[in-house]
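Let me begin by presenting the structure, written as C-alpha cells, before commenting on it.
The values are calculated or read from the model by the stated rules, or taken from the named source; none is laboratory data. Everything numeric in this text was worked out from a predicted model, so none of it was measured. Note that we place each Cβ from the backbone using ideal geometry, even for glycine, and neighbour counts take in every protein chain shown. Calculation scope for accessible area: heavy atoms of the full protein, side chains included, ligands and nucleic acids excluded. Shrake-Rupley method; radii C 1.70, N 1.55, O 1.52, S 1.80 Å.
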Amino acid sequence: MLKIGVDAMGGDFAPEAAVKGAVMAVDAIGDECRIVLFGDEDRIRAVLKAENCAADRFDIVHTTEVIEMGDHPAKAFQQKTNSSIVVGFGYLAKGLINGFASAGSTGAMMVGSMQAVKPIEGVIRPTISTGGKVLLLDVGLNVDCKPEVLAQYGIIGSIYAQAMLGIRNPRVAVLNIGEEETKGNAQSKAAYELMKESEEFNFVGNVEGSHLFSGQVADVIVCDGFVGNTLLKTVEGLFRINKALKIPETPFWRDMNYEYVGGTPVLGVNAPVVIGHGCSSALAIKNMILTTERCAQTGVTAKLQNAFKN
C-alpha cells in the first residue's frame, strides 16, 4: 500500500484547509493508498470531527512545531526537528511514506528535498515545473541556468511528461524570442546546440511565448527559473483579474487556476516531493495530494534515476 504524507500544518489556512483537503482526497485516492497527516494531533482530530470524517481513515503523526513562512528555511529545518515538515521528510527518507506534500514553507521543502532525500546522482540541479497541457520548467528554483542544466531539463521534462501526462514521445523545446536556430541570447543558443544533438528526447527547436498554452507545438518547454517564474506569476495575475471581473470560467481559464493543479513536483530528487501554494484552499490541497499520489504510482522518480545512471 502506498502512503502519501501531508504536512497538515503547512499553508496560510492550516490546519483547516490542509485537513479538509485530505478529507476531500481520501475517497478519490482509492483503497490502495493511505494518507498520513503530520501535525498537531488534537487540532487535526478537531477538524476531522467537524468534517464528520472518522480519524481512523488516516494515519496521524503528532508533531509539536511548525516551520513558519517567515522562518529562515535552513536554520528552521535544523532547529525545529519536531516540525511537521522535518518529521515528514524523515519518514520519506526512511521509506515509511512514498511521497510528501506541503503548502508550507517552500524554502524548508527545498532544504528537505536537497538534504533529506537528496538529488538524483547525475542531476546537476533539480527543478520545479508547471502542470497543464504544456510542461514549463524551471519555474523558479534556479534563476540562472547553464546550457547543460537546460539540456538536462529536456530529459527530466520528457520523462515526467511520459509518466504523468501519458505522452508517448513528448516534444521538447527551448523558450526563445524567435523560432529560428540563430535567435536568442548566449544561454539559449548554447542550449539549442546541446539539445539538438541529444538522442534522449524529441527536440523540436525553439518556441515563442505565444506557444506556451496551446500544446500544438511542444509538450515540454525549458527555460531558466527567472523567466519561468516571471511567466508563472503573470499567468496567476491574469487569472486573478479574470476572476475579479467575474468573467465566466472557460476550459482555458480553468487550466490557469492553481487550485486544479494543486502543487508542483520537485523533479530530480530521490522521492516524490510536491510543493503547494501558500494560500492553498482545501481544493488545492486535495489536488496536491492527488498529484503526489500519481507521482508515486507512476514511478516517475525511478524512471529519472534510471535515465541518469550513466
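Considering only protein heavy atoms and a probe of 1.4 Å, how much of the accessible area of the range 20-86 is carbon and sulfur, as a whole percent? Before the final figure, lay out each step's value.
Values: 1550 of 3570 Å².
C and S fraction of accessible area: 43 percent.
May I ask you to list the lysines whose Cα is less than 19 Å away from that of LYS183, ignoring any residue fewer than eight positions away on the same chain?
LYS146, LYS196
Counting pairs of alpha carbon atoms under 8 Å apart in space and at least six apart in sequence, what relative contact order in percent does the range 1-150 give? Mind showing how you got there, number by number?
Working: 239 pairs, mean separation 35.5, N = 150.
It comes to 24 percent, rounded to a whole number.
Among bridges DSSP assigns within the chain, what percent are antiparallel (round to 5)?
Working: 7 of 35 bridges.
Bridges in the chain are about 20 percent antiparallel.
Specify whether the C-alpha gyration tensor of the range 1-123 places it in the rounded, prolate or oblate class, a ≥ b ≥ c being the square roots of the eigenvalues: rounded for a/c under 1.5, otherwise prolate if a/b is larger than b/c and oblate if not. Display every interim value, and only then the final one.
On the way: a/c = 2.13, a/b = 1.35, b/c = 1.58.
Judged from the Cα gyration tensor, the range 1-123 comes out oblate (a/c at least 1.5, b/c at or above a/b).
Give the accessible surface of the range 214-310 per residue, rounded to a whole number of Å², with probe radius 1.4 Å and ligands, DNA and RNA excluded.
47 Å²
In debye, nearest 20: dipole of the chain around its Cα centre with unit charges on the Cβ of K, R (+) and D, E (-)?
In debye, rounded to 20, the chain gives about 180.
Sorted by average packing, counted as other Cβ atoms within 10 angstrom per residue and highest first, what order do 43-51, 276-284 take?
Working: 43-51: 16.7, 276-284: 21.0.
Highest mean packing first, the order is 276-284, 43-51.
Subtract the Cα-Cα distance of ALA302 and GLU179 from 0.36 nm times their separation in residues, and report this length gain in nm to one decimal.
Working: separation 123, 0.36 × 123 = 44.28 nm, distance 3.37 nm.
The ALA302-GLU179 span can extend by a further 40.9 nm.
Against the longest alpha carbon principal axis of the chain, how many degrees, from 0 to 90 and to the nearest 10, is the axis of helix 84-93 turned?
That works out to roughly 70 degrees.
Please report the relative contact order for the chain, taking Cα pairs under 8 Å with a sequence separation of at least 6, and give it as a percent rounded to a whole number. Intermediate results must be reported in sequence, preceding the final value.
Numbers: 671 pairs, mean separation 73.4, N = 310.
Answer for the chain is 24 percent.
When the helices in the chain are scored as -39500 (n - 2.57) per DSSP H run of 4 or longer and the sum is shared across all residues, what 222 nm value do you end up with, to the nearest 500 deg cm²/dmol?
-13000 deg cm²/dmol
Cα centroid distance between the range 5-78 and the range 252-276, in Å?
Measuring centre to centre over Cα atoms gives 18 Å.
State the Cα centre-to-centre distance between the range 174-200 and the range 84-158 in whole Å.
Rounded to whole Å, the Cα centres lie 24 Å apart.
Could you compute the net charge surrounding GLU179? Neighbours are other residues with a C-beta less than 14 Å from the C-beta of GLU179; K and R count +1, D and E count -1. The partial results should precede the final answer.
Numbers: positive: ARG171, LYS183, LYS189, LYS196; negative: GLU180, GLU181, GLU208.
With Lys, Arg at +1 and Asp, Glu at -1, the neighbours total +1.
Mean-square fluctuation check for the chain, GNM, Cα pairs under 10 Å: which of GLY99, GLY70, GLY215 is largest?
Result: GLY70 has the largest fluctuation of those listed.
Pick out, from GLN162, ILE177, GLN152, the residue whose Cα sits farthest towards the positive end of the charge dipole of the range 136-199, with +1 on the Cβ of Lys and Arg and -1 on the Cβ of Asp and Glu.
Positive-end residue among those listed: GLN162.
For helix 16-28, what angle does its Cα long axis make with the longest principal axis of the chain, in degrees from 0 to 90 and rounded to 10?
So the inclination is approximately 80 degrees.
Which of SER129, SER198, SER102 ends up with the largest GNM mean-square fluctuation for the chain, with Cα atoms connected below 10 Å?
With Cα springs under 10 Å in the chain, the top fluctuation among SER129, SER198, SER102 is at SER198.
Once both labels are modelled 7 Å past Cα along the beta-carbon direction, what's the ARG240-ARG168 spacing in nm?
4.3 nm
Remind me, relative contact order of the range 153-310 in percent, using alpha carbon pairs under 8 angstrom and six or more residues apart? Write down the numbers at each step before the final one.
Details: 209 pairs, mean separation 33.3, N = 158.
Once divided by the residue count of the range 153-310, the mean separation gives 21 percent.
Using only the heavy atoms of the protein chains and a 1.4 Å probe, how would ASP40, ASP31 rank by accessible area, largest first?
Details: ASP40 45, ASP31 135 Å².
In descending accessible area the options line up as ASP31, ASP40.
I'm spelling it out carefully: the read-out is Cα extents along the principal axes in Å, the candidates are (1) 61, 49, 37; (2) 97, 49, 42; (3) 66, 50, 33, and one was derived from this structure. Which label?
(1)
Just subtract the alpha-carbon distance of GLU193 and LYS309 from 0.36 nm times their residue separation and send over the number in nm, one decimal. Mind showing how you got there, number by number?
Numbers: separation 116, 0.36 × 116 = 41.76 nm, distance 2.32 nm.
Gain on extension, GLU193 to LYS309, equals 39.4 nm.
Helix 147-165 versus the longest principal axis of the chain: what angle, 0 to 90°, nearest 10, using Cα atoms?
Between helix and principal axis, roughly 60 degrees.
Using a 10 angstrom cutoff on alpha carbons, build the Gaussian network for the chain and name the most mobile of GLY225, GLY88, GLY263.
GLY225
Once you've got the Cα coordinates, tell me which of LYS49/LYS246; LYS49/LYS118; LYS80/LYS246; LYS189/LYS233 are over 31 Å apart. Each step should come with its number before you reach the end.
On the way: LYS49/LYS246 34 Å; LYS49/LYS118 37 Å; LYS80/LYS246 43 Å; LYS189/LYS233 25 Å.
Check vs 31 Å cut-off fails for LYS49/LYS246; LYS49/LYS118; LYS80/LYS246.
With a/c under 1.5 counting as rounded, go ahead and sort the range 171-310 into rounded, prolate or oblate using the C-alpha gyration tensor (a ≥ b ≥ c being the square roots of the eigenvalues; past the cut-off, prolate if a/b is larger than b/c, else oblate).
On the way: a/c = 2.32, a/b = 1.21, b/c = 1.91.
The shape class here is oblate.
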